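This report concerns only the one structure given below.
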Amino acid sequence: MTDAQTSAFKVASGNAEPALLNTLFIGALIALLILWAGWGLVHVYRGYAAGKIQEQTMARFVIRLVLLIVISLYLFAG
């Protein structure tokens, strides 16, 4: 950003650095994603343990979850 853009951003955000807010929002996104992943794994495992979810469905969920986390980390934290 140019100096004028940076100063305008600081005025609008309450004198916060753009890099600091970027790190804050990316950290919040990754934290929420990991919390959601844990919640999903717990529920899928409960369904699997109760016999309501097949092993293939559980494996597909885990693969999709890992792909989502890896792609999100690559795109947002890279």
*How many nm separate the modelled label positions at THR23 and LEU67, each set 7 Å beyond the Cα in the direction of the Cβ?*
3.3
*Roughly how tilted is helix 3-13, in degrees to the nearest 10 and between 0 and 90, from the longest Cα axis of the chain?*
60
*When the helix-only estimate is applied to the chain (DSSP H runs of n ≥ 4, each -39,500 (n - 2.57), divided by the residue count), what is the mean residue ellipticity at 222 nm, nearest 500 deg cm²/dmol?*
-29000 deg cm²/dmol
*Computed label-point distance, nm, for sites ASN15 and TYR45 using a 7 Å Cα→Cβ extension*: 4.7
*Give the Rg/Rh ratio for the range 1-51, taking Rg as the radius of gyration of the Cα atoms and Rh as the Kirkwood radius, to two decimals.*
1.41
*Tilt relative to the chain, helix 55-76 - C-alpha long axis, 0 to 90 degrees, to 10*: 10
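Here, each number is a calculation from the coordinates, and none is a lab measurement. Just so it is clear, the structure is predicted and the values come from calculations on it, not from any experiment. Note: ideal-geometry Cβ built from the backbone for every residue, glycine included; neighbour counts use all protein chains shown.
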